[in-house]
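What follows is a short report on a single structure.
The numbers here are math on the coordinates, done by the rules we state, and not lab data. Here the structure is a predicted model, which means the values were calculated and not measured. Positions of Cβ are generated from backbone atoms using ideal geometry, with glycine treated the same way; all protein chains shown enter the neighbour counts.
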Ligand SMILES: Cc1cc2nc3c(=O)[nH]c(=O)nc-3n(C[C@H](O)[C@H](O)[C@H](O)COP(=O)(O)OP(=O)(O)OC[C@H]3O[C@@H](n4cnc5c(N)ncnc54)[C@H](O)[C@@H]3O)c2cc1C
């Protein structure tokens, strides 16, 4: 696909405010779901985004790359791990195995242009009200009218109504910044524009999962003395599921900087209890003692996820995650779906693109059924054949023998 980014991007603009389905968020999940809705001919839909297509990826630190590798597998029947739609290859398009955020946003934008997805940028949804009489699952919703549809209020006060809402607002723009007293004094890794441009010869990094190790690797390579603090007994390297374990890409980079440099100190069993601003710098208190730096500690303790406007419309599991039915739909509010890295079923975590993209088809089919539209078998079969439709979760999580 040749790059042709138009000066003002609003392909397939929808000029009215009631729509069958609104997708909130034009990231990897929103774009992929838009394509699935189109493929399934699942009614009229609109994708809205508070910023633009791929906005979270555009906000990644300049040096950060996707940890999941892309390779030219798509033409051989194995969809590129980072693709969000059929017949595309991130590796071919970008010529990169581990694209940067900016590169990946470019792929998403081009995918949206090629498919002429109806996307409206600059629409920040701040409130969602459910229909008073939500349509029952499997049945078409009641005709549109006051109280019979979802009402989505934007930051500027304008309102959209929709029969279905697909929440795909992601997590990156919603960092976890209050894990312990004084956490707000730190610089969350999602707020770093470039590790190259961070001043200082030393840094404390709090949290040693993907983001923390990534920050440490970039800084150590630059010659910065890094103290990486984490509360566990050891780095997460044991499990086979990359949602619970450091990826091979990160393990390899960590091993390389550990072998080649002496400016990285990794301290296990150092759960941080507080960060204080004092003596012109920052004291990081842990269960095993304190560490001081003149420079803002980097907080790599994860993300809370951007579900605030729809929080009251979902029920929750005992572990605090959103409870979904088998269609990734709210168990409290029929017609409200969740897409992206916050999706959980039993012990399965759908936090990677290659995982959560396999649920787009399930949601699109459910939306079609709710609208009384047929679900084309051939589309479902094509999605299934291309690792884009996962219904039976019993095949996930098998341990590899080697
Ligand atoms: C640091 C980090 C690194 C990751 N690396 C990888 C990786 O290498 N490989 C992988 O497969 N996965 C990775 N993931 C997991 C996941 O794939 C990404 O988080 C991915 O961006 C999720 O896509 P998304 O569309 O759900 O969210 P996002 O890409 O964050 O997109 C959400 C969109 O919603 C918009 N939005 C948010 N709130 C609103 C609102 N209220 N109204 C309107 N629009 C809104 C945003 O502007 C944004 O464009 C990573 C996650 C993180 C946090």
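Data table
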read-out	value
Filter result (surrounded by fewer than 17 Cβ atoms within 10 Å (Cβ to Cβ) and touching a residue at least 40 places away in the same chain (Cβ under 8 Å)) within the range 198-230	199, 200, 202, 223
Residue ID - nearest to the chain's Cα centre (by Cα), chosen from residues in the range 244-267 that are surrounded by 14 or more Cβ atoms within 10 Å (Cβ to Cβ) and in contact (Cβ under 8 Å) with a residue 60 or more places away in the chain	247
Test: residue in the range 280-303 that is within 16 Å of the ligand (Cβ to nearest atom) and surrounded by fewer than 21 Cβ atoms within 10 Å (Cβ to Cβ)	yes
Candidate set: the range 16-50, residues that are assigned to a loop (DSSP other than H, G, I, E, B) and in contact with a helix residue (DSSP H, G or I) (Cβ under 8 Å, 6 or more places away or on another chain); chosen: the one farthest from the ligand (Cβ to nearest atom)	41
Every residue from the range 321-343 that is under 18 Å from the mean Cα position of the chain (by Cα) and surrounded by fewer than 18 Cβ atoms within 10 Å (Cβ to Cβ)	321, 323
